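> This structure is in structure tokens; I'll ask about it shortly.
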Amino acid sequence: MGTIGKTTTATLFLCLLLFPIVFSTPNDRLVRIGLKKRKIDRNNRMAAHLESKEGKASEAFLRKYRLHGNLGESEDIDIVALKNYMDAQYFGEIGIGTPTQNFTVIFDTGSSNLWVPSSKCYFSIACYFHPKYKSSRSRTYKANVKVRIMKLMPMYNMVNQGLVNEPVFSFWLNRNPEDDVGGEVVFGGMDPKHYKGEHTYVPVKQKGYWQFDMGDVLIGDQTTGLCASGCSAIVDSGTSLLTGPTAIIAQVNHAIGATGVVSQECKTVVSEYGEMIIDLLLSKDQPLKVCSQIGLCSFDGTRDVSMGIESVVNENAGKASGNVHDAMCSVCEMAVIWVQSQLKQNQTQERILDYVNELCDRLPSPMGESVVDCNSLSAMPSVAFTIGGKILELTPEQYILKVGDGELAQCISGFGALDVPPPRGPLWILGDVFMGKFHTVFDYGNMQIGFAEAT
């Protein structure tokens, strides 16, 4: 999730003090934090939708993972965050300083710091609706402020102080809408009551984020193509949905009948270049060169890239022209992936072009949500992720988020689009939708992540 507060927000670290009022340490030497969940109502969803139209939704993702530029101002979690098209937020309480000052926070595996509003914060909405940290009230924080603790993490301190046995923490997120218990974060190991079966472990690929290598994404038993040769993934308890490459999200939306934004550029590419793409792929041309051969992208020696930069540099080409080239190149690359998946199924040219046009209709809005028919869940396919050589499957009931009851209920796709170019991508962010199905273990002692079916 985004961090709390803006501008003059104080940055405090969980490693400062973790108090008994927040954590209980039973005989099993596991430090437990109970989680609560907050349901999202229609008014909050509307507020988030209006905010997203300003173009902030995708920027929040990019800033969080530093995929471009510097980390800018952050969002307030209690005014529905811009990426929270979901059925619940998970949060717990911590105490900072002595005497304790309590704060409600989201335990976010995608962020390294804890942010709380400062007593000197005057111009942020967050500071009007949340308690502020007052350093004058907590002598322990004032005593430790000069100590070089910024390189420490909470788990290091817990292990060093003998509070836990292992440098491991685990998440159990309760997705039962009828249950008020939100879940539990366990420091020092895992609770067998939270999962069943054995965990599948994968090594952490990149320090700084819980990032690992992932294999193919399947809709039913069919490959989606793009990640067949590998993708990167991040497990993030602070992200509500599952986000991934638009090329795959469009296929998912098509399979589940989600309604998205019609892309005219997409249909234009299919109409003008669809048959050429098929012919080039059938002639065994390298898929990474197809769009440059057509003239919609440039080739950098390894893959097709957008010609937008060249267009912007050219004095005779305006900024809008560059944006058009960018869009057409991206759409062409998606079309190549879609055509490849259909050619592997030995579909006819007519059927392939019809299928790609249908996917154009299902392209998700980068600033909004995709909605499905609540009465069609039984006809929707499963969506599975290949992790550690095993297939981890989500059913429609697990990846569709239901808001409201009865005739007024709406069902929202748990999949969102986020395109990260190589070498950082293609990248998936596996948020609460995924972690709700799979109990997740973060083992930084062995630099690995484990998944098992949650109870």
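> Does Leu280 fit the bill of being among the aliphatic types (A, V, I, L, M) and at pLDDT 85 or above? Talk me through it step by step, then tell me what you get.
Working: among the aliphatic types (A, V, I, L, M): yes; at pLDDT 85 or above: yes.
Considered against the rule, which asks whether it is among the aliphatic types (A, V, I, L, M) and at pLDDT 85 or above, Leu280 comes out as yes.
> Sticking with this structure for a sec: Take the residues in the stretch 211-233 that are surrounded by fewer than 24 Cβ atoms within 10 Å (Cβ to Cβ), hydrophobic (A, V, I, L, M, F, W, C) and within 20 Å of Met447 (Cα to Cα); name whichever of them is modelled with the highest pLDDT.
So, considering only residues that are surrounded by fewer than 24 Cβ atoms within 10 Å (Cβ to Cβ), hydrophobic (A, V, I, L, M, F, W, C) and within 20 Å of Met447 (Cα to Cα), the one modelled with the highest pLDDT is Phe212.
Per-residue answers, yes or no, for (1) under 29 Å from the mean Cα position of the chain (by Cα); (2) modelled with pLDDT under 85:
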{"position": "Gly97", "(1), (2)": "no, yes"}
{"position": "Gln101", "(1), (2)": "no, no"}
{"position": "Val105", "(1), (2)": "yes, yes"}
{"position": "Gly110", "(1), (2)": "yes, yes"}
{"position": "Ser118", "(1), (2)": "yes, yes"}
{"position": "Ala126", "(1), (2)": "yes, yes"}
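> Looking at Asp285 and the list (1) in a helix (DSSP H, G or I); (2) more than 21 Å from Leu363 (Cα to Cα), which single condition is not satisfied?
(1)
> If you take the residues in the stretch 288-308 that are part of a strand (DSSP E or B) and modelled with pLDDT under 65, which one is farthest from Leu353 (Cα to Cα)? If you could, list the steps in order and put the result at the bottom.
Of the residues in the stretch 288-308, the ones part of a strand (DSSP E or B) are 298-299, 304-305.
Okay, now just the ones that are also modelled with pLDDT under 65, so 304-305.
Working: Asp304: 22, Val305: 24 Å.
By that ranking, first place goes to Val305.
> Here's another thing I want to ask about it. Kindly indicate whether Ser311 is of a type in the set (Gly, Ala, Ser), part of a helix (DSSP H, G or I), buried (at least 24 other Cβ atoms within 10 Å of the Cβ) and modelled with pLDDT under 85.
Numbers: of a type in the set (Gly, Ala, Ser): yes; part of a helix (DSSP H, G or I): yes; buried (at least 24 other Cβ atoms within 10 Å of the Cβ): no; modelled with pLDDT under 85: yes.
The answer is no for Ser311.
> Name the single residue, out of those in the stretch 386-439 being modelled with pLDDT of 90 or more and of a type in the set (D, E, K, R), that is least open to solvent (accessible area, probe 1.4 Å).
Asp432
> With the requirement that a residue be over 23 Å from the mean Cα position of the chain (by Cα) and either of a type in the set (Ser, Thr, Tyr) or open to solvent by 90 Å² or more (accessible area, probe 1.4 Å) (or both), what does the stretch 193-210 give you?
Once the filter is applied, which keeps residues that are over 23 Å from the mean Cα position of the chain (by Cα) and either of a type in the set (Ser, Thr, Tyr) or open to solvent by 90 Å² or more (accessible area, probe 1.4 Å) (or both), the stretch 193-210 yields Lys193, Lys196, Glu198.
> Scan (1) modelled with pLDDT under 95; (2) touching a Gly at 6+ places or on another chain (Cβ under 7 Å); (3) over 22 Å from Ser232 (Cα atoms) for the single condition Pro381 breaks and write down its number.
Every listed condition holds for Pro381 apart from (1).
> In the stretch 388-426, how many residues are farther than 23 Å from His199 by Cβ and in a strand (DSSP E or B)?
Number satisfying all stated conditions: 11.
> Looking only at residues that are touching a strand residue (DSSP E or B) at 6+ places or on another chain (Cβ under 7 Å) and of a type outside the set (Val, Ile, Thr) in the stretch 353-372, which one is modelled with the highest pLDDT? Reasoning before the result, please.
Of the stretch 353-372, the ones touching a strand residue (DSSP E or B) at 6+ places or on another chain (Cβ under 7 Å) are 364, 366, 369-372.
With of a type outside the set (Val, Ile, Thr) added as a condition, the list becomes 364, 366, 369-370.
On the way: Pro364: 67, Pro366: 57, Glu369: 63, Ser370: 78.
Out of the qualifying residues, it is Ser370.
> Given the options Thr268, Thr259, Thr239, name the one that is surrounded by 20 or more Cβ atoms within 10 Å (Cβ to Cβ) and among the hydroxyl-bearing types (Ser, Thr, Tyr). Even if it seems obvious, please write down each step before you answer.
On the way: Thr268 fails: surrounded by 20 or more Cβ atoms within 10 Å (Cβ to Cβ); Thr259 fails: surrounded by 20 or more Cβ atoms within 10 Å (Cβ to Cβ).
Criteria check complete, one pass: Thr239.
> Hey, can you tell me all the residues within the stretch 427-455 that are within 17 Å of Ser232 (Cβ to Cβ) and assigned to a loop (DSSP other than H, G, I, E, B)?
Passing the criteria: Gly431, Met447.
> Here is a follow-up. When you scan the stretch 154-174, how many residues do you find that are touching a Pro at 6+ places or on another chain (Cβ under 9 Å) and more than 22 Å from Phe451 (Cβ to Cβ)?
Step one: list which residues in the stretch 154-174 are touching a Pro at 6+ places or on another chain (Cβ under 9 Å), which gives 155-156, 158-159, 169.
Next cut, more than 22 Å from Phe451 (Cβ to Cβ) only: 156, 158-159.
The qualifying residues number 3.
The values are calculated or read from the model by the stated rules, or taken from the named source; none is laboratory data. Model, not experiment: these values are computed from the prediction. Neighbour counts run over all protein chains shown; Cβ positions are idealised from the backbone, glycine included. Heavy atoms of the whole protein, side chains included, go into the accessibility calculation; ligands, DNA and RNA do not. Shrake-Rupley method; radii C 1.70, N 1.55, O 1.52, S 1.80 Å.
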